[in-house]
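Trainee: Sharing a structure with you now.
The values are calculated or read from the model by the stated rules, or taken from the named source; none is laboratory data. Predicted model only: the values in this text are computed from it and were never measured. Because the Cβ atoms are built from the backbone with ideal geometry, glycine has one as well, and the counts that use them run over all protein chains shown.
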Amino acid sequence: MFKYYIECKRHKAFGWNQLVAMFKKTEEIAKKNDPSACPLLVFKANLQPTLVMYRALDSYSVVPFDYYFPFEWNKREKGYKLWRENNATI
């Protein structure tokens, strides 16, 4: 069974170092709760598209939300946390 641990953030703007720090914190929490979970940081800045940050081997990757997931992003409240299994719907 494949699981995601998703942290959602929305701010006026983001710096790369700030994003990496948030992702590392999300990754630590996800690994503590379930070592097999895939941590993701979903974030949006003002007037920008919703993006997904994930770790690919030893680097970080950022892609638009609709490239990573096959459905549209619905508005979620700030700081919304969500566990998702491969057969669940968001």
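Trainee: Taking the conditions exactly as written (modelled with pLDDT of 85 or more, surrounded by 13 or more Cβ atoms within 10 Å (Cβ to Cβ), in a strand (DSSP E or B) and not β-branched (Val, Ile, Thr)), does residue 43 satisfy them or not? Please lay out each step first, then the result.
Mentor: Working: modelled with pLDDT of 85 or more: yes; surrounded by 13 or more Cβ atoms within 10 Å (Cβ to Cβ): yes; in a strand (DSSP E or B): yes; not β-branched (Val, Ile, Thr): yes.
It is true that residue 43 is modelled with pLDDT of 85 or more, surrounded by 13 or more Cβ atoms within 10 Å (Cβ to Cβ), in a strand (DSSP E or B) and not β-branched (Val, Ile, Thr).
Trainee: Next up: Can you find, within region 1-40, the residue that is nearest to residue 68 (Cα to Cα) among those that are of a type in the set (S, T, N, Q) and at pLDDT below 90?
Mentor: So in region 1-40, the residues of a type in the set (S, T, N, Q) come out as 17-18, 26, 33, 36.
From what's left, at pLDDT below 90: 33, 36.
On the way: 33: 23, 36: 19 Å.
It comes out as 36.
Trainee: So the check is Cβ under 9 Å with 6+ separation or different chains; which pairs have a first residue in region 59-79 that's in a loop (DSSP other than H, G, I, E, B) and a second one that's exposed (fewer than 10 other Cβ atoms within 10 Å of the Cβ) and modelled with pLDDT under 85?
Mentor: Hits for this filter: 71/89.
Trainee: Within region 20-40, restricting attention to residues that are crowded, with 18+ Cβ neighbours inside 10 Å and aliphatic (A, V, I, L, M), which residue is nearest to the chain's Cα centre (by Cα)?
Mentor: Keep residues of region 20-40 that are crowded, with 18+ Cβ neighbours inside 10 Å, which gives 23, 26-27, 30, 37, 39-40.
Checking the rest, the ones that are also aliphatic (A, V, I, L, M) come to 30, 37, 40.
Values: 30: 11, 37: 12, 40: 3 Å.
Filtering first and then ranking leaves 40.
Trainee: Select from region 3-36 the residues that are in contact (Cβ under 8 Å) with a residue 60 or more places away in the chain and of a type in the set (Phe, Trp, Tyr) and list them in ascending order. Show your work before the answer.
Mentor: Of the residues in region 3-36, the ones in contact (Cβ under 8 Å) with a residue 60 or more places away in the chain are 3-10.
Of everything in region 3-36, those that are in contact (Cβ under 8 Å) with a residue 60 or more places away in the chain and of a type in the set (Phe, Trp, Tyr) turn out to be 4, 5.
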